[in-house]
Each structure stands twice: as structure tokens, then as C-alpha cells.
Amino acid sequence: MKIILPVAGKGTRLRPHTHTRAKSLVQVAGKTVLEHIILRLLDLSAEEFIFITDDNGAQIENFMKQRFPALNCSYTVQKERLGPAHAVFMAAPRIHPGDDVLVVFNDTIFVTDLSAIPDLCRDCDGLIYSKTVADYQRFGVNVIADGFIVDMVEKPEQPISRLAQVGLYYLRDGADFIRRIGEVIEAGETVKGEFFLPSVFMHMIHSGKRFRAPEIDAWLDCGKPDTLLETNRYLLKGHSQNEARMIDSVVIEPVHIGTGTIIRNSIIGPNASVAPNCHIEGCIIRDTIINSGSHLKDVLLEQSLLGENVRLTGRHANLNVGDHSLIEIMM
């Protein structure tokens, strides 16, 4: 198996945190989004991890070399922003006859048993992982008949289906899949100037290919501040970890607090993630993500995101603060 990970994109909904870093390297529950994803893929023993990057590609490559040095990784830059199908097509030189392919987009962290792929795909050509949602109008959905996908509808006005595509795809014949994407690109089948995978899948379905839509257990969005905090809460459940030096302070689980952090006269949690090497004094912090090297004093934070090396002194606030910020909130 070869795994294609399109990690390009500016992550505009997460600014200012993505001004200085790739969106997949944003922290949640003590790890980057990318690390959460890779850890879920390790049991597949993939032959190669193919990253499709942008001008932040060096950050991705450095992270993978440091955190997962044993994995066989390659990196290709998507110089033109022509949509997700075009991003996947950038992997074409790495995909050969006989390769099966898993495509994993990085806006979400998935919870599902990927070891079930052989059984799930025994009588079909691929899997388009899905999740039943209430707000089906926001997503591309799969329409099912007799257990197989017969149609895909983008942001339907009527509840023709509530089975949303989650950005996780498995193809038994990776070379044929890449070839079909090339055909769609050559035909110029764009939506608002971009190439999307549903067009490719519908061509394959019309030619006789069969796809199932297995449901994942959880679909954890990391693309916006509010959903990132929601994902943080989900991932922290039952997984508290505190490696800080605590001085006259209280922790209310669940939390994740990294090494080298000093916490004095403070209450931390619940649902707080504090990265390594932070200094926190006289604070109450809950439902918040704080990145490494930040110094906080005399603040009450809730539902907030703080980047790296933030200096924050003041009082109760609700903040979305990027890297290297200096903030003083005066009474």
C-alpha cells in the first residue's frame, strides 16, 4: 500500500496560527494534527508515504524526519492550487501497477479500524469513508443503493443522503485511479476552477466500478478554532498526561501538559492542552490550547488558542493569538 497525504493549503480558517506554519502542524491534545493522523496509519505498514506539499513543505519534511525517521516518505510540491483531485494527481510518478492506495486529507483526524480494509473491499473496487451528519447541506454526500454508492451530491438542499464524505479514500487499483484523475483533468472538468474527486469517482462508477461507503467512528475537524477545541476535548477524554512542575497548583482532568512546563498558583483544566516549556502563574485555564514556550500570568482563559512563544499578562479573555505575540490586558 502507498498512502497519499495532500497537506498543501494555507489553512486560512485557522489564521493567525497558520501564518507561520503548515496547517497540519497545528497542535491539538499534545500532538500536531499530522502526528495524530500518522499514528493511525502505522499499523498498515505502508510501503511509502507520499506528501503533497506547498511552500511549507520543508516544515512537513523536517517534522517527519524528526518524529518518524523510520518511515519511507517522499515529497512533491503542488505549485498550482487546482483543487484536491489535482493534488492527488501530483503523486502519479510514485504510483505503479499493482499499488493499492489510501488517500488521507489532513483537515480532519479520523477514528476507524483501517485493518478492516481487506474485508470491507472484498467485493468492491474502493472505499469512500463517510459519516452520517445532521447538517448534510454543508458537505458532499454519498447516495447508497444495495450497499454501494450510486451517486454523489455536493451540498444537497434536500436530504437525499446524510452520509458525508470525510476525506479518506481507499482504492484497490491505485494506478487506474490516478489514470482516471488524469482524464478528468485533461477534460477540464472543474468546479470554480478546481478539480474534485467526486467527478473522478462518478466516472469510475459509470464505467462499472463499485464503491462502498463505510462509516468511521469519529470525524474530528481541525480546520477552524472552534472545531479544533472540540477535537481537543474529544482526544483528551481518558488520556490525561501531566509532566509539568506543579507549585501550589491544581489540575482538573483531562489535560495534556508537556515537559519543561512550570505551573505556579494556578488551576489548569479541564480540557486544557499545554505544550512543553511554558510558564504559567496565577492563572485559571480551561478548554484551551497553549503552544510551546508561552508565558502567562494572571489570566483566566477559556475556549482560547495561543501560538508559540506568546507573552500574556492581564485578566479574563477569549483569545485567538498567533505565534510570537506579546499581549498585555490592563484593568
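The values are calculated or read from the model by the stated rules, or taken from the named source; none is laboratory data. It should be emphasised that the depicted structure is a prediction, and the values quoted were computed from it without experimental measurement. For neighbour counting, all protein chains shown are included, and Cβ atoms are generated from backbone atoms with ideal geometry for every residue, glycine included.
Within segment 172-194, residues that are under 20 Å from LEU102 (Cα atoms) sit with their Cβ atoms under 8 Å from residues that are surrounded by 18 or more Cβ atoms within 10 Å (Cβ to Cβ) and of a type in the set (D, E, K, R), at 6+ positions apart or across chains, in these pairs: ARG172/ASP100; ARG172/ASP125; ASP173/ASP100; ASP173/ASP125; GLY174/LYS2; GLY174/ASP99; GLY174/ASP100; ALA175/ASP99.
Which ones in segment 275-289 are closer than 12 Å to ILE257 by Cβ and in a loop (DSSP other than H, G, I, E, B)? Selection gives ALA275, PRO276, ASN277, CYS278. Looking across segment 134-155, the residues that are surrounded by fewer than 17 Cβ atoms within 10 Å (Cβ to Cβ), over 27 Å from PRO118 (Cβ atoms) and out of contact with any Asp or Glu (no Cβ under 8 Å at 6 or more places or on another chain) come down to ALA134, ASP135, ARG138, VAL153, GLU154, LYS155. Selection of segment 290-303 for residues being touching a residue at least 60 places away in the same chain (Cβ under 8 Å) and either outside any loop (DSSP other than H, G, I, E, B) or at positive phi (or both) yields only GLN303. Here is a list of conditions, (1) farther than 16 Å from GLY30 by Cβ; (2) out of contact with any Lys or Arg (no Cβ under 7 Å at 6 or more places or on another chain); (3) part of a strand (DSSP E or B), and ASP226 meets all of them except one; can you say which number that is? Result: ASP226 fails condition (3) only.
Of the residues making up segment 305-321, those that are touching a residue at least 40 places away in the same chain (Cβ under 8 Å) and not aliphatic (A, V, I, L, M) are GLY307, ASN320.
Of all residues in segment 210-234, those satisfying the criterion of being over 30 Å from LEU301 (Cβ atoms) and either out of contact with any helix residue (DSSP H, G or I) (no Cβ under 8 Å at 6 or more places or on another chain) or not assigned by TED's automatic domain parsing to the domain that holds LEU127 (or both) are ARG210, ALA213, GLU215, ILE216, ASP217.
This table checks each residue for (1) more than 17 Å from the chain's Cα centre (by Cα); (2) under 30 Å from GLY30 (Cβ atoms); (3) of a type outside the set (Lys, Arg).
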{"site": "ASP107", "(1), (2), (3)": "no, yes, yes"}
{"site": "SER115", "(1), (2), (3)": "yes, yes, yes"}
{"site": "SER130", "(1), (2), (3)": "no, yes, yes"}
{"site": "PHE148", "(1), (2), (3)": "yes, no, yes"}
{"site": "VAL153", "(1), (2), (3)": "yes, no, yes"}
